[in-house]
Structures are given as structure tokens and as C-alpha cells.
1. Over region 58-259, what is the mean sequence separation of C-alpha contacts under 8 Å (at least six apart), divided by residue count, expressed as relative contact order in percent?
2. How big is the chain by the Kirkwood estimate over distinct Cα pairs, in Å?
3. Just grab the label-to-label distance for residue 257 and residue 16, each label 7 Å out from Cα along the Cβ direction, in nm (one decimal).
4. Within a Cβ distance under 14 Å of residue 374, other residues only, what is the Lys/Arg minus Asp/Glu net charge?
5. At 0.36 nm per residue, and after removing the present C-alpha to C-alpha distance, how many nm does the segment from residue 56 to residue 401 gain when stretched out fully?
6. Relative contact order for the chain using alpha-carbon pairs under 8 Å, separation at least 6, rounded to a whole percent?
7. What's the local net charge at residue 221, with K and R +1, D and E -1, over the other residues with C-beta under 14 Å away?
8. With the cut-off at 1.5 for a/c, could you classify region 58-259 from its C-alpha gyration tensor as rounded, prolate or oblate?
Amino acid sequence: MASNYAFETEAVHAGERQPAPDGLPTTTPLYVNSTYIYKTVEQMDAVLGGQTAGYVYNRYGSPTLTALETALATLERGAAAVAFGSGMAALHAALLLCELQAGDVVLAAHDIYGATLGLLTKLMDPFGVHTRLADFTDAAALAAALEQAPRPRALLFEPISNPVIKVADVKRICQMARRIGTKVIVDSTFSPPCLLQPLELGADVVVHSATKYLGGHGDATAGAVIIKDDARAADLRMISKLAGAILSPFEAHLIHRGIKTLVIRVERQCANAMKLAEHLTGHPHVARVHYPGLSIHPQHLLAGAQFRGGHFGAMMAFEIKDGHQEKAFRFLNALRLIIPATTLGDVYTEVSYPPMSSHREWSEAERRNAGITAGLIRLSAGLEHHEDLWADLDQALSAATR
Ligand code: PLP
């Protein structure tokens, strides 16, 4: 099919800009183009000026991103969502959205994800935005921290804490914050929307590391911010445009694909976590199990009322009896099926050793205070058959204590 152009020109343009098909694709195509062309420059001008809806440049948005962001806003019952290149980028954007100024204080949970604490203390603090920490599962301590001057401008916490799996009362915390006009950011990475919808409980902003449950397959790094107030949607988009930590179309596609099986994945993962927690409870080499589904868990009743579908989450932790690093390493090395990994929420069952990974920078005393003992193992239940998982845990525990 020769054209009137030179071969070099054909090589650049041939085949491109096909008309959109009549049939609507069932899933949103992967738009990898960085920019768009319009029939007239006037049309492009109207889109750039915001008079007409449309896409102009990938950093401002694309149909692939819009599809994912619509799904995120829908599932979290939000007015708008923006996807980011990682969970950390999403947390940064959520903090920027709170319009923090020098002298402001963010009140964060004392057991917040380590990198989140680093974001606050290493990147925000030099700009005069200070961080206070409190135990968000202790209502009296939280009330005192909220009253302390200067009152915090934003709260930041995770409903299921890492790594000792404590459960915070999201509705109550949001009510306490609302009374003093403080914004609430919930990092709901451990509690995807089929378990918990924090915006419905009064939160202003929900953040996810979509790398975890939302994607679910360990093959994409992404973050999401979902907001309750439609009036802030343009500000959130502006942050994404100007800070530029956007999500690539391919990863947006993978996360969106993962979301379609979120509900059935999480159901199986929660059921597996419950079975493993019950088995581990009676194991001779296990000193303690941290799982909200167990009646001995301090927030068992709260978790039962707060999480949707009668589930208790798929994250748990347990302490190897008379544990120390060498024993924990022997356990991790002995595993044949379960994967020692510094991530969670995947189809695979994964374990991590917090003193080596997430809480490596903490002193032994800090770890002890937070209940992170030298024998503590965090487990993210996957989709495998629970009997295979149990057999692997059992043999690795025996090998560790031999
Ligand atoms: N929030 C929580 C609770 C996490 O566990 C993580 C990562 O492990 C993050 C945020 C950061 O997410 P990402 O690694 O996608 O930047």
C-alpha cells in the first residue's frame, strides 16, 4: 500500500491513527501515547483551556488512567480518585492536599509504615511541618494528642497496623478529628475496599499502595488517592500534574485488571488467614498469634463490626517461641512454598521478618515497645490451598527449633 510520501516518512507514520472501532472494547485499551492530536487547533485549545473535556498529555490523564481512577472512586465510594506511580507518591500527594504550612502538625499513628514516617520526618519536617505520634488504638491517648497545642492539621493512620495487626476504630477516630476540624487521611493498604470503605466512615482521604491487594499479583507498583469532596478533585489532579509521580498506562492496566478479582481473592485470603491463625494458636513452637479473627485479639469485636463481609483481613503475625534472629532466619530458610518477601497482598502467601525489613532502622528498645519481638513473623495469606500452607509452616517451625 504505497503512499505519496518517501519511505522514511512512511516508516514514521504508516498504520498510525486508525479510526476508533465501532465495537466498544470490553476492557479499556492500553493508551501508551504521550499526546493527542485534534482535527483543528481550536479544538485542542478548548481542551487545554478546560472548556471541552479531552486528553492532551499523558501526565494530565489518559483513558487508561481514567478507567482505573473511576473504578477506584467507585469502590471506595469517593467523589474522585487519582492514581500514582507508587503508594509513597500517593501518600505524599495526600499530605500536599491537606495544604500543610510551616508550623502545622501531622498526628500519625506510632506504628505507621516506616517509609511513611520517613516521608513525614525526613521530607516534610525540613519545611516546618512537624509530626507527632500517638497510639490510634488507645482512645484516651489519641484524645490527649488531639488536644495538645498546636492541634494537628491532619491525622494519618492505617486501620490494620503493621506488623502486630492492631485494629483502629476508623469511625470513632474520624468523629474525634471532625470535632476539631482536622483532616483524616487513612492508608487503607492492608484493608482493601471489599473489607473497609473509610470514606463512608468519615475519612477525608483514602490512600492505597495499589502494589498490594488492589493489583494483587506482585507485578505492578502503584498508588491511589481517593477523596470524599468533589471540590478538591481539581487540586488533587493539579498535585499529580505538577509533582509528576504519575502511573504508567501499563501498570494502570494491570492494577485495573487485578481489581476485577479483588473480592474473590480477598475472600480466599481471609479464609486462609483464619485457618492458619487457628492452627498456629495451638502450635508447640508458637508463643503468640496476632490475628483480629481470633477471639483473644484485643480488637476482635471492633474488627468484626468494622470489616465488611464477616472477614477479619488476610494479614497476621505470630511469634516463634523463645524466638531470636537466628531461629527466625532458620524458619524463613526452611520454607518451601511460602515466600519470604518484603511485600504483601499478593496471590502468593508471603512472610516477612519485621526486624530485618520494615523495622530494620528501629532500635531494639523501640521494637520491644511496639511489640516487635525477635521471633515475630508477619504473614500475608495468599490463594494456595490452606493444607499446603499449613504443612509448610509446620515443617519450617520444626526445622527452626531443631
Ligand atoms: N503504605 C503501606 C501500609 C505499605 O505497606 C506500603 C509498602 O509496603 C506503602 C504504603 C508504600 O507503598 P509502595 O511500596 O507502593 O510505594
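1. Numbers: 404 pairs, mean separation 64.5, N = 202.
Once divided by the residue count of region 58-259, the mean separation gives 32 percent.
2. 22.7 Å
3. Distance between the two pseudo-spin positions: 2.6 nm.
4. So the environment of residue 374 carries a net charge of +3.
5. My answer for the length gained is 118.1 nm.
6. Values: 753 pairs, mean separation 63.1, N = 402.
Relative contact order here is 16 percent.
7. -2
8. prolate
The values are calculated or read from the model by the stated rules, or taken from the named source; none is laboratory data. None of these values were measured; they are calculated from a predicted model. Glycine also receives a Cβ, built like all others from the backbone with ideal geometry; neighbour counts cover every protein chain displayed. Surface areas here come from the heavy atoms of the whole protein model, side chains and all, with no ligands, DNA or RNA. Shrake-Rupley method; radii C 1.70, N 1.55, O 1.52, S 1.80 Å.
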